[in-house]
Amino acid sequence: MDVSRRDFLKVSSGATLTGTALGTLTALGANLAPTAAQAQELRIKHAKATPSVCPYCSVGCATLIHTIEGKIVNIEGDPRSPHNEGTLCPKGAAIYQLHVNPNRPTKVLHRAPGASEWEVWDLERAVSRVAELVKETRDETFVERLENGKLVNVTTAIFSLGGATLDCEWNHVQQKLMRGLGVVAIENQARI
Ligand code: SF4
């Protein structure tokens with residue numbers, strides 16, 4: 001449709017109704033569907049679509065990851081999925097930022113007890129410190145037998161908490177490690 005400048009300004013002045021220029025165009029009767037469809041098509045035109053699953057919760061909504069030359073350019077719900085039918089909740093809809101996000105911390109930060117500032121540690125130092133504390137805690141609290149003599153081999157002072165972004169392979173190894181240490185308090189959204 002043709003929209004004159006006068007018409008546009010007239011409806012725009014009532015923009016409290018619509019809030020945006022796009023809303024104004026819609027109010028004038030412009031059909032934005034082809035434009036939106038074209039923009040959608042251009043965004044992923046030369047991209048490769050790889051089916052995947054949202055890792056944020058146990059609903060496991062299906063996604064399509066669009067990549068161009070190995071770089072993720074878009075992630076959206078997979079319309080072929082029988083349970084999410086192309087939709088994603090707000091958290092899942094922001095999943096692109098799990099991969100591409102300049103605000104994401106990329107270094108290990110450590111704040112010593114009582115300190116007010118964070119210190120950057122290299123990964124090896126951080127992992128060694130975690131291992132040291134796990135060993136110390138386990139050595140101090142390990143229970144081999146209950147008072148009645150029952151063999152239990154437990155470490156009740158350590159709790160393992162995992163999120164849904166941990167994949168099957170990680171959880172498999174995590175379980176082996178935790179059970180091997182005698183940890184029995186293990187929680188994970190995957191409910192393994
Ligand atoms: S999109 Fe939302 S509901 Fe679906 S798996 Fe991700 S977090 Fe769960």
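Structure data summary
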{"item": "Ile95, Ile68, ranked by accessible area, largest first (probe 1.4 Å)", "result": "Ile68, Ile95"}
{"item": "Coil-residue trypsin sites (Lys or Arg not before Pro) of the stretch 99-192, DSSP, other Cβ within 10 Å capped at 16", "result": "Lys107, Arg111, Lys150, Arg191"}
{"item": "Amide hydrogen neighbours beyond the local backbone of Thr63, cut-off 5 Å, H modeled", "result": "Ser52, Val53, Cys54, Asp78"}
{"item": "Phi-based couplings in Hz for the stretch 119-125 (Karplus 6.51, -1.76, 1.60; Gly and Pro marked x)", "result": "10, 7, 10, 7, 4, 4, 5"}
{"item": "Extension gain (nm, one decimal) between Thr156 and Val184, 0.36 nm per residue minus Cα-Cα", "result": "9.4 nm"}
{"item": "Fully extended contour minus Cα-Cα distance, from Lys71 to Asn103, at 0.36 nm per residue", "result": "9.7 nm"}
{"item": "Amide H partners (placed H, <5 Å) of Val73, local residues excluded", "result": "His66, Thr67, Ile68"}
{"item": "Distance violations [Cα-Cα > 26 Å] among Lys91/Lys176; Lys71/Lys91; Lys45/Lys71; Lys150/Lys176", "result": "Lys91/Lys176"}
{"item": "Residue-level accessible surface for Tyr56, protein heavy atoms, 1.4 Å, Å²", "result": "50 Å²"}
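The values are calculated or read from the model by the stated rules, or taken from the named source; none is laboratory data. For clarity, every value in this text was computed on a predicted model and none was experimentally measured. All Cβ positions, even for glycine, are placed from backbone atoms using ideal geometry, and neighbour counts span all protein chains on display. With ligands, DNA and RNA removed, areas are computed over all heavy atoms of the protein, side chains included. Shrake-Rupley method; radii C 1.70, N 1.55, O 1.52, S 1.80 Å.
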